[in-house]
Amino acid sequence: MICIISVTEKGDILGEKIKSQIGGDLYFKSKRSDFNLSDITKECFEKYDSIVFISSTGIAVRAISKHLKGKDKDPAVVVVDICNKFSISLVSGHLGGANDLALNISKILNNTPVITTATDNMNILAPDVIAKNNNLVIDSLKIAKVIASRLVNNEEVYFKDDKNKISCPKGYTQVDEIKSNMLWITNKVNNNDNSKNNYSKMCNKENDEIGNKEAGLNDESTILKLVRKDIVLGIGCRRNTESKKMYEFVTETLKEKNIDLRAVNLIASVDVKSDEEAILSLKQFLNCDIRFFTRDEIATIEDKYEGSEFVKKSIGVSAVSEPVIELAGANIIIKKIKKDGMTLAIGELN
């Protein structure tokens with residue numbers, strides 16, 4: 001969602017032109033007797049993904065300054081001057097999309113785009129851009145900043161994609177092993193094959209060793225992990241399984257198998273479990289999608305997998321956790337694991 005804030009009637013004309021091409025809600029001072037820029041900015045920061053100010057940069061900066069939270073939280077902010085000379089990417093250029101929005105608006109208004117992020121001006125893909133373009137989770141924004149700085153300084157930054165799906169971008173050096181000072185695209189928690197790198201960060205924990213001094217620019221062992229969301233969990237369980245028990249079973253298994261929690265793309269199960277609180281709570285915790293397959297769908301492939309007569313009598317199919325992974329379009333990488341009336345299989349999307 002986008003909004004357009006204009007503080008002059010001359011700016012209103014530009015705002016209308018932008019709206020005609022890309023849509024958006026209009027906040028025009030000339031149209032509101034109760035116009036208060038501070039209140040409107042606060043509302044827009046909470047409501048919209050992108051904000052376009054048609055004003056001076058100074059007005060926009062003062063308006064947004066007290067609402068800024070971080071590059072991964074702030075909306076894209078673009079400023080267009082009322083003389084229509086420039087479209088300026090001001091805030092959240094990469095993750096928020098302000099750079100792309102400024103370029104788009106400059107084409108609509110036929111003015112000059114102003115992009116100040118160094119990597120863009122050097123035609124180098126910053127780590128956060130790679131993450132956004134490929135739906136990857138950034139392990140640490142601190143380390144992302146370090147890696148971007150090193151790229152700008154023409155230092156050697158290594159690149160490794162476990163699946164070799166993303167081509168090595170300009171400015172990076174592709175390698176096959178985990179090295180210091182690199183961008184690593186993976187679904188793993190850590191690299192078990194190269195312990196000398198001492199890479200052992202746990203899920204959702206930033207690398208505290210970066211420190212505050214120059215954001216860790218002198219740390220030669222910096223590794224930025226971008227987590228690929230390609231894991232599918234096939235889950236079955238007894239009725240009214242405790243949510244805590246399910247949570248512990250799944251998280252402990254993923255940790256044991258060296259799979260990052262943030263790599264989970266989908267939870268899959270059978271339709272009779274669509275109201276099972278333990279599964280629904282797990283979905284909320286993992287912040288992933290969920291899909292329930294019908295027993296008719298599962299019945300078409302259940303014979304390929306180890307089944308249970310007890311389960312067959314209870315719900316109509318003999319197996320759940322492995323068949324639903326296949327139905328979800330993933331390949332099974334960890335076969336069915338059983339514990340306390342719960343079953344878990346793990347799949348990986350291509």
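Per residue, the convex hull spanned by the Cα atoms of the range 2-116 amounts to 86 cubic angstrom. Computed from Cα atoms, the angle from the helix 243-256 axis to the main principal axis of the chain rounds to 90 degrees. Positive-end ranking of I334, A76, H94 along the dipole of the chain, with charges on Cβ about the Cα centre, is headed by A76. Of I279, I108, the sequence from fewest to most neighbouring Cβ atoms within 10 angstrom is I108, I279.
Mean separation of Cα pairs under 8 Å and 6+ residues apart, divided by the residue count of the chain: what relative contact order is that in percent? 10 percent. This model, with +1 at the C-beta of Lys and Arg and -1 at the C-beta of Asp and Glu, gives the range 231-348 a dipole about its Cα centre of some 260 debye.
Enter the angle in degrees (range 0 to 90, nearest 10) between the Cα long axis of helix 37-47 and the first principal axis of the Cα atoms of the chain, meaning the one along which they spread out most. It works out to around 20 degrees. Reducing the range 266-311 and the range 160-191 to their Cα centroids gives an inter-centroid distance of 33 Å.
Counting alpha carbon pairs within less than 8 Å and at least 6 residues apart, what relative contact order, in whole percent, applies to the range 231-348? It comes to 34 percent, rounded to a whole number.
For helix 141-152, report the angle its Cα long axis makes with the longest principal axis of the Cα atoms of the chain; keep it between 0 and 90° and round to the nearest 10°. Approximately 60 degrees, to the nearest ten.
The calculated Kirkwood hydrodynamic radius for the range 244-312 is 13.5 Å, given to one decimal from all distinct C-alpha pairs. Note that the range 231-348, at 4 °C in a medium of 1.567 mPa s, gets a Stokes-Einstein diffusion coefficient of 94 µm²/s from its Kirkwood radius over C-alpha pairs.
Working from Cα pairs under 8 Å separated by at least six residues, relative contact order for the range 1-152 is 18 percent.
With a Förster radius of 25 Å applied to the C-beta separation of I59 and N121, the computed FRET efficiency comes to 0.45. Put a plus charge on the Cβ of each Lys and Arg, a minus charge on the Cβ of each Asp and Glu, and nothing anywhere else: the dipole of the chain about its Cα centre is then about 420 debye.
At a Förster radius of 30 Å, what calculated FRET efficiency corresponds to the Cβ-Cβ distance of Y247 and N164, to the nearest 0.05?
Details: r = 33 Å, r/R0 = 1.11.
The pair Y247/N164 has a calculated efficiency of 0.35.
The orientation-averaged shadow of the Cα convex hull for the range 23-179, equal to a quarter of the hull surface, comes to 10.7 nm².
Model label sites at C83 and I333, defined 7 Å from Cα along the beta-carbon direction, differ in position by 5.6 nm.
Counting only residues at least eight positions apart within a chain, or on another chain, there are no aspartates and glutamates with an alpha carbon under 13 Å from that of K273.
Checking the cross-link pairs K69/K132; K132/K336; K229/K335; K304/K336; K10/K66 against a 21 Å limit on the alpha carbon distance flags K132/K336; K10/K66 as lying beyond it.
Across the alpha-carbon atoms of the chain, the computed radius of gyration and Dmax are 24.7, 75 angstrom. Label zone (N110, point 7 Å along Cα-to-C-beta; backbone nitrogen cut-off 17 Å) within the range 1-31: 13-21. When only the Cβ of Lys, Arg, Asp and Glu is charged (+1, +1, -1, -1), the dipole of the range 1-139 relative to its Cα centre reaches about 280 debye. Applying 1/(1 + (r/R0)^6) with R0 = 22 Å to the Cβ-Cβ distance of K66 and L26 gives a FRET efficiency near 0.40.
Read-outs throughout are calculated quantities, based only on the coordinates presented, and are distinct from any laboratory measurement. Computed from a prediction, not measured in an experiment: that's the story for all the values here. Using ideal geometry, Cβ is built from the backbone for each residue, glycine included, and neighbour counts are taken over all protein chains shown.
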